[in-house]
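The values are calculated or read from the model by the stated rules, or taken from the named source; none is laboratory data. Predicted model only: the values in this text are computed from it and were never measured. Virtual Cβ from ideal backbone geometry, glycine too; neighbours counted across all protein chains shown.
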Amino acid sequence: MKHVIAACVLLLASAAIFGASEFFDKGEALFVQNKPQDARPLLESALNDDPSNEKAYLYLGIIYQQLGDAQKAIDILKRGLGIATAFKDLFYYNMGNDFFSRKEFTLAEEMYTSAITSNKSLAVSYLNRANTRLQLQGLDGALADYTLFLQMAPQDPQRPNIEKVMALIRQVQDDKEKAHQAELARQQALMNDVLKSLNNAGDATKNLSVESINGQNDPVNVDIKD
């Protein structure tokens with residue numbers, strides 16, 4: 001009897017695994033075919049049956065993003081990150097995309113940095129972090145990331161546009177430097193004027209003092225009335 005029960009348990013477990021695998025396989029196929037609406041319920045079922053399916057979390061995170069629900073995408077990716085081993089970089093990267101879409105640029109930059117820490121060869125993380133740093137006015141960091149991205153992906157079709165952005169960043173940096181130098185020159189000119197004024201005031205004070213002393217030394221005529 002015990003053997004029969006054990007066999008039934010194994011049979012049910014096998015059926016559950018097969019069901020989860022079938023849901024996942026069909027959902028993955030639809031995901032690859034860019035049919036997020038159709039893939040979503042299948043991948044959700046696969047995840048319910050097998051909560052350790054790393055890819056299911058990742059696919060669902062991307063699907064929720066495609067369907068315009070960035071918060072749900074972030075939530076599912078955070079859950080998946082807790083068990084992720086092979087695709088940590090992609091979890092962080094896609095969370096960065098979600099935060100970027102919500103204009104939460106500081107969090108987006110953190111996620112892209114974590115993606116790079118997990119996988120330094122994930123070139124798109126440098127590109128997206130550069131775009132994020134540009135939003136945060138971090139021009140030096142953005143320029144460094146764009147440079148790294150082009151070194152890693154020299155044939156990327158976006159290269160002409162990236163190079164235009166890099167040229168604009170350098171122009172802004174040069175203009176800021178010139179403006180800074182102009183401000184320093186203006187401040188120096190003001191200081192020189194102030195120094196001249198101080199010198200003139202010193203001369204006036206000196207002359208006034210000399211006149212006062214001379215006046216005190218001159219004889220004073222006083223009329224005394226009876």
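Residue pairs whose Cβ atoms lie under 7 Å apart, separated by 6 or more positions or on different chains, with the first residue in region 131-143 and in the same structural domain as residue 162 (by TED's automatic domain parsing) and part of a helix (DSSP H, G or I) and the second at pLDDT 95 or above and among the aromatic types (Phe, Trp, Tyr), are 132/100; 132/105; 132/112; 135/105.
If you check 39, 56, 73 for being at pLDDT 95 or above, over 28 Å from residue 113 (Cα atoms), buried (at least 22 other Cβ atoms within 10 Å of the Cβ) and among the aliphatic types (A, V, I, L, M), only one passes: 39. When region 100-114 is filtered for residues that are surrounded by fewer than 22 Cβ atoms within 10 Å (Cβ to Cβ) and of a type in the set (Phe, Trp, Tyr), the ones remaining, listed by number, are 100, 105.
The single condition among (1) of a type in the set (S, T, N, Q); (2) within 17 Å of residue 113 (Cβ to Cβ); (3) exposed (fewer than 10 other Cβ atoms within 10 Å of the Cβ) that residue 128 does not meet is (3). Against the numbered list (1) within 13 Å of the chain's Cα centre (by Cα); (2) among the charged types (D, E, K, R); (3) more than 21 Å from residue 60 (Cα to Cα), residue 102 comes up short only at (3). Among the residues making up region 43-86, a single one is within 22 Å of residue 101 (Cα to Cα), assigned to a loop (DSSP other than H, G, I, E, B) and among the acidic types (Asp, Glu): 69.
In the set (1) surrounded by fewer than 19 Cβ atoms within 10 Å (Cβ to Cβ); (2) small (Gly, Ala, Ser); (3) in contact with a helix residue (DSSP H, G or I) (Cβ under 9 Å, 6 or more places away or on another chain); (4) over 22 Å from residue 73 (Cβ atoms), residue 142 fails one condition alone, (1).
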